[in-house]
Amino acid sequence: MDAWEFLVAETQDEGVVTEVIRPAAVVPEEAARAILMQLALRDVRIGGVWDSEPALWRRFDGPWSGGQSGGQHDANSSSQLLGTIQIAYGVPTRYEITIFRATITKVGQDQGWTVESLCDEALEYGALTLATCPRADLKPPPQPFVMR
């Protein structure tokens, strides 16, 4: 399955919990580098549990079939998606990462995962938690234009 098929399946999964992170969590540059390095070292294709893409980090309950030999996730794989973290690289500044939404699948809920625990697992590689992660600076919207 590719990323789009997973997202479609995720949205059709009854019992899915999605939480918009407000204000969005902003991972500072140094922590972002550490997190990305650790997610790459724990990639599902090489025996880990994370699949990181430019807009999405996905947490599985085990490596994809093929393990150390660069496995592929397919319908025959026993690995199940536990949750996803939607992110944006280079926001608000070039080397930061913004976390703006997280989703826990039904399988993830059954295994005790929460939005906070999923985010915390990824953020711990940068010595952060969702609670301690800096937040986006939300400015009030501009005043509407009024003609006089």
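Residue pairs, Cβ under 6 Å, 6 or more apart or interchain, first in region 43-65 and closer than 18 Å to T103 by Cα and of a type in the set (S, T, N, Q), second modelled with pLDDT of 95 or more and crowded, with 16+ Cβ neighbours inside 10 Å. List them.
S52/L39
Do you know which residues across region 14-32 are touching a helix residue (DSSP H, G or I) at 6+ places or on another chain (Cβ under 9 Å), part of a strand (DSSP E or B) and among the aliphatic types (A, V, I, L, M)? So that I can check it myself, show each step before the final result.
First, the residues of region 14-32 that are touching a helix residue (DSSP H, G or I) at 6+ places or on another chain (Cβ under 9 Å): 14-19, 21, 25, 27-28, 30-32.
Retained after the next criterion (residues that are part of a strand (DSSP E or B)): 17-19, 21, 25, 27.
Within region 14-32, V17, I21, A25, V27 meet the criteria.
The values are calculated or read from the model by the stated rules, or taken from the named source; none is laboratory data. Because the structure is a prediction, the values reported are computed rather than measured. Every residue, glycine as well, gets a Cβ built from its backbone with ideal geometry; the counts of neighbours run over all protein chains shown.
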